[in-house]
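Below is one structure; the comments refer to it alone.
The values are calculated or read from the model by the stated rules, or taken from the named source; none is laboratory data. Predicted model, so just to flag it, every value in this text is computed and none were measured. Positions of Cβ are generated from backbone atoms using ideal geometry, with glycine treated the same way; all protein chains shown enter the neighbour counts.
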Amino acid sequence: MTGLLDPSLLDWVVLRHWQRGACTAVTGRALWQQATAQAAWIAARTPPAALVLVIGTTGPAMMALFLGIAASGRRAAFFPPASPLQDARHFFEQQGAALRAIDPAAICVMEEATAETVRAIAPDLAPRILAVPPAEGDSVAALDAFRARLGSDETLFVQHSSGTTGIKKAVAISGRMLAAQSAAYWPGLRAELGVARLSVASWLPLYHDMGLVAGFLLPMLGGDQVSVLDPFEWIGSPGRFLEMIAADRCDIAWMPNFAYRHFVRLRRALPPADLSSLRLWVDCSEPCRLADAEGFESAFADRGVRPGAVVGCYAMAETVFAVSQGSGARRRGLAVPGPLAPGTPMPASGALLVESGTAAPAGHRLVLSSGRVLPGVELAILDGERRLPPGHYGEIALRAPFLFSGHAGRSAAESGLDTEGYYRTGDLGTVWEEEVFVFGRLKEIIIVNGKNLFAGDVEAALAALPGLRPGRAVAFGIDSDQTGSEELILVAEHDAASGIPEAECRAAISRHLERVFLVKPRDVRVVPDRWLVKSTSGKISRDANRRRYLETFRQD
Amino acid sequence: MPAFTMADLQAIAREVIGDRDILLEPGMAAADVPGWDSLNHTLISVEIEDRTGAAVDAQQLAECPTFGDLVAFVATRIPG
């Protein structure tokens, strides 16, 4: 292999698709033959540069379609499908607003049942819905077309932020950005594992940057091999992911922090799969916790998971994916004593760098290092407009050869880009002894199992629910040792005059938030009138109510 | 007498979700219970199987419209 999309990959198995315990192996030739046929099919139905959404079950057909759309000069994007456990009609009713906001030229639906549902609930979108035919043909011309696009600044695909119905941010990724991300990220991973080709294991959704870029596009570009399982199959049968790793001898996987904790909780019910081949488990997309990394390694040591195998990564859609990457050889943690104010020097804060296996001092939380920045990334730590010296806590800003140029429909400044080309991420953290640690946010975002929610959006969504006092609800997140993620907590004041019992209100809030945000609140409390605490400015205070909630309901 | 009851399901849900205030009624469903998400659903399924010996999986239990249906379904799958 020399460059990206080297034709030699046509003769190798590049994709192993697992479904209910059975594997279909797909060569590069078969995948790109399908992509070529789909490129011609979509080119006949949409104008150049059109935005084309793809909805469906993870598998070779959907992946080939995405490659074909991008190769054809259209802009490709994945959109989440309804879970088999959800009412598809409810799901797409809620997602209709997001689909209209994205305003795609075409919506390619892999399963006819989904197409029928979307047509039924959104007749205005029906003309844009395309049922995807089977792809047939001998040509692999899409491979060359896709490779040519890697040198272009035109949009290759689009990543949408998730979590709310009114999908707010679209990040356009060009071929040049994707190629630059590959050049900065992939060689280091291959060197870490000592392999010429990676063997990636993924159950991650393709509409999320981690699944799309790390679990699909970068391996495809590099001629690596990906073993994939649909995310809904992973949720229902997590053991199949481990069996897939064992069968395919995969050597690297990316998962959000909650998944490591979930596997530990499920351990005794999981099959005895040999995981010794998988030497790099990358923890990403939500705050990385050293305790969960070590807990996973300990729980699965008898199945071959090595100490130090779980490493952190800092990534975001705005940089295509990775900004920094941890290494097993130098994995460290940061023991943080409590909330820090931006501008705080780390050594003076009482925070400590700790080695793996070290217990945190009492009252400290242990943050897993997200490793060192990738080549070409310049990272700055800010307090307001002031740039801080190394070793301080503050907002993370960065620039890189693969940084976006702004969210769709927003100016560079509105997107957080300054005049020097730095992107203000809104994440809080530090760089200490060259290691990146991310452990706070400027914005009131709650990250539940990798999904970002804005607290204000969640509170606003309750406005119309009967039985509650309008505008008297608060949403916040709480770090959970049990789940390894943040928990969404809702506290809402009861309108006793409505006659609706509190228990009914609680259930209604739970149902409503799941439908609107696709996230289940961990706890909902319906409290009496005037229970919520206001700040001195008269606004309902999330911090004060978080403290009151913990004191009132979580004193175990 | 069924060998698996609403009280058994409630005890498992409280333990897995970590909320001792959870109250389950036969007419309720998972959507009504804060904390009963898809990950906890899998854990609850595993606990039910482990404690009762019933051959059930997460998908089958998710297809039960209410907790009353779920309890009845599990009761039919308990060996012996």
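Odds and ends about this structure:
- Residues being at pLDDT 95 or above, under 26 Å from A:S174 (Cβ atoms), crowded, with 17+ Cβ neighbours inside 10 Å and of a type in the set (F, W, Y) are represented in the range A:66-74 by at least one member.
- When A:R289 is tested against (1) at pLDDT below 95; (2) touching a Cys at 6+ places or on another chain (Cβ under 6 Å), only condition (2) is not met.
- Residues being surrounded by 14 or more Cβ atoms within 10 Å (Cβ to Cβ) and in contact with a strand residue (DSSP E or B) (Cβ under 8 Å, 6 or more places away or on another chain) - total across the range A:24-43: 6
- Qualifying residue in the range A:497-518 (condition: within 14 Å of chain B (Cβ to nearest Cβ), more than 19 Å from B:L23 (Cβ to Cβ) and touching a His at 6+ places or on another chain (Cβ under 7 Å)): yes
- Of all residues in the range A:3-30, those that are free of Cβ contacts under 8 Å to residues at least 40 places away in the same chain and charged (D, E, K, R) total 1.
- Elements of type helices (runs of 4 or more DSSP H) contained in the range B:1-66, each with 2 or more residues being within 9 Å of chain A (Cβ to nearest Cβ) and free of Cβ contacts under 8 Å to residues at least 12 places away in the same chain: B:38-52
- Scanning the range A:534-548 for residues that are within 26 Å of A:S485 (Cβ to Cβ) and either within 13 Å of another protein chain (Cβ to nearest Cβ) or not in a helix (DSSP H, G or I) (or both) returns A:I540, A:S541.
- Taking the range A:519-547 as the range and being more than 21 Å from B:D19 (Cα to Cα) and of a type in the set (A, V, I, L, M) as the test, the residues that pass are A:L532, A:V533, A:I540, A:A544.
- Residue selected from the range A:519-532 under the condition away from every other protein chain (no Cβ under 14 Å) and over 33 Å from the mean Cα position of the chain (by Cα), by the criterion nearest to A:R506 (Cα to Cα): A:P528
- Among (1) touching a helix residue (DSSP H, G or I) at 6+ places or on another chain (Cβ under 8 Å); (2) surrounded by fewer than 23 Cβ atoms within 10 Å (Cβ to Cβ) - the single one A:G304 does not satisfy: (1)
- Number of positions in the range A:168-204 that are within 17 Å of the chain's Cα centre (by Cα), farther than 20 Å from A:L15 by Cβ and of a type in the set (G, A, S): 2
- Filtering A:T58, A:T117 for residues that are within 30 Å of B:H41 (Cβ to Cβ) and part of a loop (DSSP other than H, G, I, E, B) leaves a single hit, A:T58.
- Residue check for A:A82: within 22 Å of A:W234 (Cβ to Cβ), hydrophobic (A, V, I, L, M, F, W, C) and away from every other protein chain (no Cβ under 14 Å): no
- Given (1) surrounded by fewer than 24 Cβ atoms within 10 Å (Cβ to Cβ); (2) within 23 Å of the chain's Cα centre (by Cα); (3) polar (S, T, N, Q); (4) not in a helix (DSSP H, G or I), number of the condition A:T46 does not satisfy: (2)
- Of residues in the range A:268-317 being part of a strand (DSSP E or B), touching a residue at least 40 places away in the same chain (Cβ under 8 Å) and not charged (D, E, K, R), the one farthest from A:V436 (Cα to Cα): A:L280
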